[in-house]
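This report refers to the structure that appears directly beneath it.
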Amino acid sequence: MKSINDRSQDIGPLVSQTDDGIIICRCEEITKGEIRQAIHDGMFTVNEIRRYLRSGMGLCQGQTCGKLVKSLIARELDVIPAQLDPANSRSPMRPVEMKVLGNEEVHHV
Amino acid sequence: MSKHSDVIIIGGGIIGNATAYYLAKKGLSVTVLEASKDIGIGGSSRNGGGVRQSGRDTRELPLAMWGIKNLWPGLSEELGVDVEYTQKGNLRLGKTEAHQKILQGLTDKAVSCGLDVRMINGDEIRAINPYLSDEVTCASWCPTDGHANPLTATLGYYKKARELGVRFITESPCFELRKIKGAIRQVVTPDAIYEADKVLVAAGYDSRKLLATVGIDVPMMPLKMECLVTEAEPPMFLQMLGTAEADFYGHQSKHGSFVFGGSSGFEPFNKDNGTPISSSIGASCTCRGIIKYFPALADAKIVRAWAGWLDDCADHVPVISPVEEVPGLYIACAFSGHGFGIAPAAGYNIAEMIADGHSTIDLSALRYDRFKPKQ
Ligand SMILES: Cc1cc2nc3c(=O)[nH]c(=O)nc-3n(C[C@H](O)[C@H](O)[C@H](O)COP(=O)(O)OP(=O)(O)OC[C@H]3O[C@@H](n4cnc5c(N)ncnc54)[C@H](O)[C@@H]3O)c2cc1C
């Protein structure tokens, strides 16, 4: 299996594609072209792309675009998608108001 | 792939990445070995983004002040990535007389180092930040403090260093340092042995285990800290905020979300069945703290919470130092929860220390052999 650990490996030039303008992450409005550029900037994992561009950091937390980002990385680096880890999942499952999250009862005797 | 370079850096956090960048700028060949799959997976991607001088120990204050003056303002341009550096001051808030005392003590120390920080009262506080509740009665105010985006800063240094030819190898957990003829020479990973005349260990808490393989120890402990972030809100304020009791700290990011860090007090005792976990009480507790200071944020929605480890030093100040007894070995760890703000200055000065043998800022107060037992 090809390794992506050497971050200086030659992945070829970034060739623009006609659909680079389509939006991949709808919450944060990140395009396919921006994601492909990030890969060529050295971001080889879903977590790195997310931290670099904010894709998957919006309201749905990547539940929609996670797989798409993964397949874009796989294609650009010429590896199989199964080789790439998904982004870390974080609580809460759905956005929760601070007053609700903070409202857990505290009993001080 | 060549296994030899001028310098090997162990740890692809912001300290390792920034040092790699400044070394490459000086023309040295550098290899960065990162244990995990992701560059910047450690504290560097998990912190609260504070770029502060106020509240700093006087031993690291010169480095913090120098970085804020000389590196942070131009960093986005230099790295070609928006690090969202915002220099609109830091308010450290208090509600009680005990808080006032803590804040006054910190302020007096910082003033003695030449930092512009002063105590202000409730009205002055609300003139700077009108969203704070009336319970807030005192604060220390440092107008030159601020915040930045830790994710883009950490990965920005990585991107730029990589462009300059620095070799980054992920999934390379180093487990042994080896000397040849008394000097550092080899770094061993499960897949390969790398060689250099100079090695920097910048692996956070895990530096300890690695340094032990050449008989060096830095007294530190791993300490868990938790953070949370809200959905994007309309712009409210630009300052960095903290409290005298450190119940929470945070800021509103350029994106509009509020990033806050806090703790329940139970973090060191969270369940750990081989995998350390966060407790559900952490985020709830932080929210309660925030709402007391910022009633207006009660309806803001939390979208994500996470935790990170601090490498807390015995005296809560970093170790940045050459190790003369192992020639060629350098240490940069034990940042004790405030290594993000000083990272650019640290990286710059560590690169000088490694390449030139001396640095712009005197780092001798941060030496690895400063720890002495009680008399
Ligand atoms: C929740 C939280 C909030 C914080 N808030 C702030 C703040 O507001 N302001 C501030 O200035 N600082 C803050 N900090 C501290 C700051 O994040 C750290 O001091 C800083 O990121 C340290 O960077 P580093 O590169 O030393 O460590 P890290 O980012 O932890 O990097 C160390 C790297 O070394 C790698 N590594 C470990 N062992 C090995 C090995 N054997 N071989 C190879 N690689 C290895 C790790 O995988 C990791 O990537 C906070 C920290 C936390 C956790």
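If you check B:Ser76 against the conditions, is it outside the structural domain of B:Gly337 (by TED's automatic domain parsing) and touching a strand residue (DSSP E or B) at 6+ places or on another chain (Cβ under 9 Å)?
On the way: outside the structural domain of B:Gly337 (by TED's automatic domain parsing): yes; touching a strand residue (DSSP E or B) at 6+ places or on another chain (Cβ under 9 Å): no.
Judged against the criteria, B:Ser76 is not a match.
One line per residue, one yes/no per condition, for (1) small (Gly, Ala, Ser); (2) in the same structural domain as B:Gly337 (by TED's automatic domain parsing); (3) surrounded by fewer than 20 Cβ atoms within 10 Å (Cβ to Cβ); (4) under 19 Å from B:Pro130 (Cβ atoms):
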{"position": "B:Met236", "(1), (2), (3), (4)": "no, no, yes, yes"}
{"position": "B:Gly242", "(1), (2), (3), (4)": "yes, no, no, yes"}
{"position": "B:Glu245", "(1), (2), (3), (4)": "no, no, yes, no"}
{"position": "B:Gly265", "(1), (2), (3), (4)": "yes, no, yes, no"}
{"position": "B:Asn270", "(1), (2), (3), (4)": "no, no, yes, no"}
{"position": "B:Ser280", "(1), (2), (3), (4)": "yes, no, yes, no"}
{"position": "B:Thr286", "(1), (2), (3), (4)": "no, no, no, no"}
{"position": "B:Ile290", "(1), (2), (3), (4)": "no, no, no, yes"}
{"position": "B:Ala298", "(1), (2), (3), (4)": "yes, no, yes, yes"}
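Would a scan of the stretch B:288-303 turn up a residue that is near the ligand (Cβ under 9 Å from one of its atoms), over 23 Å from B:Leu75 (Cα atoms) and in a strand (DSSP E or B)?
Start the filter on the stretch B:288-303 by keeping residues that are near the ligand (Cβ under 9 Å from one of its atoms), which leaves none.
No, the stretch B:288-303 contains no residue that is near the ligand (Cβ under 9 Å from one of its atoms), over 23 Å from B:Leu75 (Cα atoms) and in a strand (DSSP E or B).
I'd like to check which strands (runs of 3 or more DSSP E) are fully inside the stretch B:150-258 and have at least 1 residues that are more than 14 Å from every other protein chain (Cβ to nearest Cβ). Step through it out loud before you land on a result.
Details: elements: B:167-169, B:176-180, B:183-188, B:193-195, B:198-201, B:220-230, B:240-243, B:248-252.
The strands (runs of 3 or more DSSP E) meeting that bar are B:176-180, B:183-188, B:193-195, B:198-201, B:220-230, B:240-243, B:248-252.
Of all residues in the stretch B:20-64, how many are of a type in the set (S, T, N, Q) and farther than 16 Å from B:Thr152 by Cα? Outline the logic, then answer.
Step one: of the stretch B:20-64, the residues of a type in the set (S, T, N, Q) are B:29, B:31, B:36, B:44-45, B:47, B:53-54, B:58.
Those left that are additionally farther than 16 Å from B:Thr152 by Cα: B:29, B:31, B:36, B:53-54, B:58.
So the answer is 6.
Kindly indicate the residue of the stretch A:1-32 that is charged (D, E, K, R) and under 19 Å from A:Leu68 (Cα atoms) and also farthest from the other protein chains (Cβ to nearest Cβ) among those meeting that condition.
Filtering the stretch A:1-32 for residues charged (D, E, K, R) gives A:2, A:6-7, A:10, A:19-20, A:26, A:28-29, A:32.
From what's left, under 19 Å from A:Leu68 (Cα atoms): A:19-20, A:26, A:28-29, A:32.
Numbers: A:Asp19: 25, A:Asp20: 20, A:Arg26: 14, A:Glu28: 8, A:Glu29: 11, A:Lys32: 19 Å.
Residue satisfying both the conditions and the ranking: A:Asp19.
Please work out which one of (1) outside the structural domain of B:Glu352 (by TED's automatic domain parsing); (2) acidic (Asp, Glu); (3) modelled with pLDDT of 95 or more is the condition B:Asp206 fails and give its number.
So the condition that B:Asp206 fails would be (1).
Can you name every one of the strands (runs of 3 or more DSSP E) wholly within the stretch B:61-142 that holds 3 or more residues which are more than 23 Å from B:Gln252 (Cβ to Cβ)? Break it down into steps so the answer makes sense when it comes.
Working: elements: B:90-94, B:118-121, B:138-142.
Fully inside the stretch B:61-142 and qualifying: B:118-121.
For (1) more than 12 Å from chain B (Cβ to nearest Cβ); (2) crowded, with 17+ Cβ neighbours inside 10 Å, each residue gets a yes or a no:
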{"position": "A:Glu34", "(1), (2)": "yes, yes"}
{"position": "A:Asp41", "(1), (2)": "no, yes"}
{"position": "A:Thr45", "(1), (2)": "no, yes"}
{"position": "A:Leu53", "(1), (2)": "no, yes"}
{"position": "A:Gln83", "(1), (2)": "no, no"}
{"position": "A:Pro92", "(1), (2)": "no, yes"}
{"position": "A:Val96", "(1), (2)": "no, yes"}
{"position": "A:Lys99", "(1), (2)": "no, no"}
{"position": "A:Asn103", "(1), (2)": "no, no"}
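Could you go through the stretch B:61-69 and let me know if any residue there is more than 14 Å from chain A (Cβ to nearest Cβ), within 11 Å of the ligand (Cβ to nearest atom) and touching a Pro at 6+ places or on another chain (Cβ under 6 Å).
At the first step, the residues of the stretch B:61-69 found to be more than 14 Å from chain A (Cβ to nearest Cβ) are B:61-69.
Now drop any that are not within 11 Å of the ligand (Cβ to nearest atom), which leaves B:64, B:67.
Applying the additional criterion that residues be touching a Pro at 6+ places or on another chain (Cβ under 6 Å) yields B:67.
Yes, the stretch B:61-69 has at least one match.
Taking the stretch B:198-212 as the search range and keeping residues that are among the basic types (Lys, Arg) and more than 14 Å from B:Phe335 (Cβ to Cβ), which one is farthest from the ligand (Cβ to nearest atom)?
Per the stated criteria, the residue is B:Lys198.
From (1) modelled with pLDDT under 95; (2) surrounded by 17 or more Cβ atoms within 10 Å (Cβ to Cβ); (3) of a type in the set (Asp, Glu), pick out the condition that doesn't hold for B:Asp108.
The single condition B:Asp108 does not satisfy is (2).
Select from the stretch B:31-52 the residues that are over 17 Å from B:Leu177 (Cα atoms) and more than 9 Å from the ligand (Cβ to nearest atom) and list them in ascending order. Show your work before the answer.
Step one: list which residues in the stretch B:31-52 are over 17 Å from B:Leu177 (Cα atoms), which gives B:36-52.
Scanning the stretch B:31-52 gives a single hit, B:Lys37.
Would you check which residues across the stretch B:234-253 are in contact with a Ser or Thr (Cβ under 7 Å, 6 or more places away or on another chain) and over 20 Å from B:His338 (Cβ atoms) and list them?
B:Leu238
Being out of contact with any Pro (no Cβ under 6 Å at 6 or more places or on another chain) and in contact (Cβ under 8 Å) with a residue 60 or more places away in the chain is the filter here, so list the residues in the stretch B:321-337 that pass it. Steps first, answer last, please.
Residues of the stretch B:321-337 that are out of contact with any Pro (no Cβ under 6 Å at 6 or more places or on another chain), as a first pass: B:321-329, B:331-333, B:336-337.
The answer is B:Val323, B:Glu325, B:Val326, B:Pro327, B:Gly328, B:Leu329, B:Ile331, B:Ala332, B:Cys333, B:Ser336, B:Gly337.
Go through (1) in contact with a strand residue (DSSP E or B) (Cβ under 8 Å, 6 or more places away or on another chain); (2) in contact (Cβ under 8 Å) with a residue 24 or more places away in the chain; (3) not hydrophobic (A, V, I, L, M, F, W, C) and name the single condition B:Asn121 misses.
Among (1) in contact with a strand residue (DSSP E or B) (Cβ under 8 Å, 6 or more places away or on another chain); (2) in contact (Cβ under 8 Å) with a residue 24 or more places away in the chain; (3) not hydrophobic (A, V, I, L, M, F, W, C), B:Asn121 violates only (2).
If a residue has to be more than 10 Å from the ligand (Cβ to nearest atom) and out of contact with any helix residue (DSSP H, G or I) (no Cβ under 7 Å at 6 or more places or on another chain) to count, how many in the stretch B:214-242 make the cut?
Total meeting the criteria: 16.
What's the number of the condition B:Met1 fails, among (1) more than 7 Å from the ligand (Cβ to nearest atom); (2) at pLDDT 95 or above?
Result: B:Met1 fails condition (2) only.
Report yes if B:Pro268 is assigned to a helix (DSSP H, G or I) and more than 14 Å from chain A (Cβ to nearest Cβ), otherwise no.
Details: assigned to a helix (DSSP H, G or I): yes; more than 14 Å from chain A (Cβ to nearest Cβ): yes.
Yes, satisfied.
Cβ contacts < 6 Å: first residue more than 9 Å from the ligand (Cβ to nearest atom), restricted to the stretch B:8-25; second residue charged (D, E, K, R), any location; separation 6+ or different chain. Result?
Every condition considered, the pairs that remain are B:Tyr21/B:Lys160.
Please specify each residue of the stretch A:22-42 satisfying the condition of being in contact (Cβ under 8 Å) with a residue 24 or more places away in the chain and part of a loop (DSSP other than H, G, I, E, B). Steps first, please.
Pass one, the stretch A:22-42, residues in contact (Cβ under 8 Å) with a residue 24 or more places away in the chain: A:24-28, A:30, A:32, A:35-36, A:39-40, A:42.
Within the stretch A:22-42, A:Arg26, A:Cys27, A:Glu28, A:Gly42 qualify.
The values are calculated or read from the model by the stated rules, or taken from the named source; none is laboratory data. All figures in this text were calculated on a predicted structure; none of them were measured in a lab. Please note: Cβ atoms are built from the backbone with ideal geometry, for glycine as well, and neighbour counts cover all protein chains shown.
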